[in-house]
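Quick note: the coordinates plus some simple rules give every number you see, no bench work behind them. Note that the structure is predicted; figures quoted are calculated from it, not measured. All Cβ positions, even for glycine, are placed from backbone atoms using ideal geometry, and neighbour counts span all protein chains on display.
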Amino acid sequence: MQDLHKGPPPDNGLEAMYRSATLGDRMLGHGEPIRVREGERVLFRMLNASGNMGISLALSGHRFTVIALDGNPVPTPTTVDVLKLDVAERADIIVEMKQSRRLGVRIDR
């Protein structure tokens, strides 16, 4: 019988969950932050390495300009507030560093 209930699947204890994430070899609160200059545009290549869960990523006060998905340039670069990546999906994004907040990114002025 098909379950017509909409929404995420029930938590049956079989899902792999993660308490932390890394950006390259760096994790928020551990080690040196990524150092950038105010106004600098930084290219990030994001990969959702999860085998079973999509992710959403946002940096407060910053927007992402998506220039490529899964290694293919997008026809029109798009700016978004939240980057959503499905399982094993990649995105090349540019972030203009405008604000300094506790994000694991240090902005030198």
What does the highest-first list of 52-59, 72-79 look like by mean Cβ count within 10 Å? 52-59, 72-79
Would you grab the residues whose amide H sits under 5 Å from the one on Leu69? Only those 5+ places off in sequence or on another chain, please, with H modelled 1.01 Å from N. Val74, Asp92
